[in-house]
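The values are calculated or read from the model by the stated rules, or taken from the named source; none is laboratory data. Bear in mind that the values here come from a model prediction, so they are computed numbers and not experimental data. Neighbour counts are summed over all protein chains in view; Cβ atoms, including those assigned to glycine, are modelled from backbone coordinates with ideal geometry. In case anyone asks, the SASA skips ligands and DNA or RNA and just uses the protein heavy atoms, side chains included. Shrake-Rupley method; radii C 1.70, N 1.55, O 1.52, S 1.80 Å.
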Amino acid sequence: MAEIWAILQLHKGQLDEQSGELLSEMQEVAQRQQEKPDVCAILLTSPESPLPDLASIHTQGIEHVYVLAHPTLDRYSTEANVSALAWFIRQRHPMLVSNSATANGRDCMSRLAARLRLPFAPGCLSIDIQDDALFTLRTMYDGRAYIQTRSQLQGHTALATLIPGVRGNPTSRNLAIGKASGKVTIVTPTIDDFIERERIKHIALQAPSPEDVELEAAERIVAGGRGIGREGFTQVAAFARLLGAAVGATRVATDRGWVGHARQIGATGRIVHPRLYIACGISGAAQHTSGMREAQTVIAINPDRTAPIFALADLGLLGDANRVLPLAADLMGHK
Ligand SMILES: Cc1cc2nc3c(=O)[nH]c(=O)nc-3n(C[C@H](O)[C@H](O)[C@H](O)COP(=O)(O)OP(=O)(O)OC[C@H]3O[C@@H](n4cnc5c(N)ncnc54)[C@H](O)[C@@H]3O)c2cc1C
């Protein structure tokens, strides 16, 4: 039977946040096919590592999980991951292999495409396969225009990455479609010998500073505007660090040099689509909100109840953001 694969990434031994949405997207692609292919989850890990809880995969209706287990896969490594996946694709010839467009997903999939000379669509908002062609919706010009692409496959496996956070994780209602258990096949991939002499050395894992996290790929953003003043950005950065979030800003804040211009969100800045957007001291001008209105959950902190940002907010806190953020940090157990 034809297969569609979703490569799921692991974070500290657990499935990454994007796993659910990647699986849902692949389920929908499968359902649109005349002969429904098997949607399979792919995990890469070492034989010694315990498997993550797979129940959430199975309850999403995914009955088959392939675990590629090899000692060189104990943590993400470009060469080992690409080598293992290339070997497995050659074995099974799936119709579509997808991954989330995270740093590792982008790194791995582009090299995999080059290695196997397969058609590859990076950074998709949606994916489809029809009549032996890969159809995608993607953005260009920093998210200001949408394009639909069509790549003829000529029987080849298609590769694609899905931008995280665009479709969101499936709700618990959607999740109740599958069984709580399914088939797990553990495979030992053949990995190229040169991996032993890996050119890329793992030295340490270090979280980037919230001012450096790429805004377009950020799952959480804490953004500041004129209302918090220059000093307020110290609070915003500290709170962002607590949440593992990126720092964003309005044009007023970047024009005043409170943060770098690369942090500006809006019509003349970045277009973002995080799961969580915390707007501190931001009025909600159209030029700003056009860059963040696709955020899944918006929290706004502002003392002015008439501020337009509240119309977009799922949760509005009336108050001084410079006082609310330290209180929230305290509640989370951090001073
Ligand atoms: C062509 C053009 C392009 C533009 N492009 C962009 C863009 O890409 N991105 C962008 O952001 N803007 C852009 N702008 C500017 C935009 O129109 C707004 O001026 C800007 O977004 C407002 O920024 P702000 O919300 O920080 O400031 P303000 O609109 O001044 O709002 C500050 C808010 O902070 C609140 N506040 C005050 N004190 C506190 C406190 N202690 N705690 C919490 N809240 C407080 C106030 O009530 C107010 O609502 C553009 C403008 C033009 C003309």
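State all residues of the stretch 34-71 that are open to solvent by 20 Å² or more (accessible area, probe 1.4 Å), within 22 Å of A204 (Cα to Cα) and in contact with an Asp or Glu (Cβ under 8 Å, 6 or more places away or on another chain); if no residue qualifies, say none.
Passing the criteria: E48, S49, P71.
Results for (1) away from the ligand (no atom under 11 Å from the Cβ); (2) buried (at least 21 other Cβ atoms within 10 Å of the Cβ); (3) polar (S, T, N, Q); (4) assigned by TED's automatic domain parsing to the domain that holds R138, shown as yes or no for each residue.
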position: G244; (1), (2), (3), (4): yes, no, no, no
position: T250; (1), (2), (3), (4): no, yes, yes, no
position: G257; (1), (2), (3), (4): yes, no, no, no
position: M292; (1), (2), (3), (4): no, yes, no, no
position: D304; (1), (2), (3), (4): no, no, no, no
position: I309; (1), (2), (3), (4): no, yes, no, no
position: L312; (1), (2), (3), (4): yes, no, no, no
position: L317; (1), (2), (3), (4): no, no, no, no
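Determine which member of the set A286, A267, A217 is of a type outside the set (V, I, T) and open to solvent by 60 Å² or more (accessible area, probe 1.4 Å). Steps first, answer last, please.
Working: A267 fails: open to solvent by 60 Å² or more (accessible area, probe 1.4 Å); A217 fails: open to solvent by 60 Å² or more (accessible area, probe 1.4 Å).
After ruling out the rest, the residue left standing is A286.
Would you check which residues across the stretch 265-306 are in a loop (DSSP other than H, G, I, E, B), among the aliphatic types (A, V, I, L, M) and touching a strand residue (DSSP E or B) at 6+ places or on another chain (Cβ under 7 Å) and list them?
Step one: filter the stretch 265-306 for residues in a loop (DSSP other than H, G, I, E, B), giving 266-269, 271-275, 281-285, 290-296, 302-306.
From what's left, among the aliphatic types (A, V, I, L, M): 267, 271-272, 282, 285, 292, 295.
Those that are in a loop (DSSP other than H, G, I, E, B), among the aliphatic types (A, V, I, L, M) and touching a strand residue (DSSP E or B) at 6+ places or on another chain (Cβ under 7 Å): V272, I282, M292, A295.
Which of (1) closer than 21 Å to T139 by Cα; (2) within 6 Å of the ligand (Cβ to nearest atom); (3) of a type outside the set (D, E, K, R) does I282 not meet, given it meets every other one?
Only one criterion in (1) closer than 21 Å to T139 by Cα; (2) within 6 Å of the ligand (Cβ to nearest atom); (3) of a type outside the set (D, E, K, R) is unmet by I282, namely (1).
Going by the conditions given, is R106 not β-branched (V, I, T) and not in a strand (DSSP E or B)?
When the stated conditions are applied, R106 passes them.
Six or more apart or on different chains, Cβ under 9 Å: which pairs go from a residue in the stretch 287-307 that's modelled with pLDDT of 95 or more and of a type in the set (F, W, Y) to one that's within 6 Å of the ligand (Cβ to nearest atom) and open to solvent by less than 30 Å² (accessible area, probe 1.4 Å)? Could you list them?
Partner pairs satisfying both residue conditions: none exist.
Residue under question is E216, and the condition is that it be within 15 Å of the ligand (Cβ to nearest atom) and more than 20 Å from G143 (Cα to Cα); does it hold?
No, not satisfied.
Among (1) surrounded by 16 or more Cβ atoms within 10 Å (Cβ to Cβ); (2) hydrophobic (A, V, I, L, M, F, W, C); (3) within 13 Å of the ligand (Cβ to nearest atom), where does A240 come up short?
All conditions pass for A240, except number (3).
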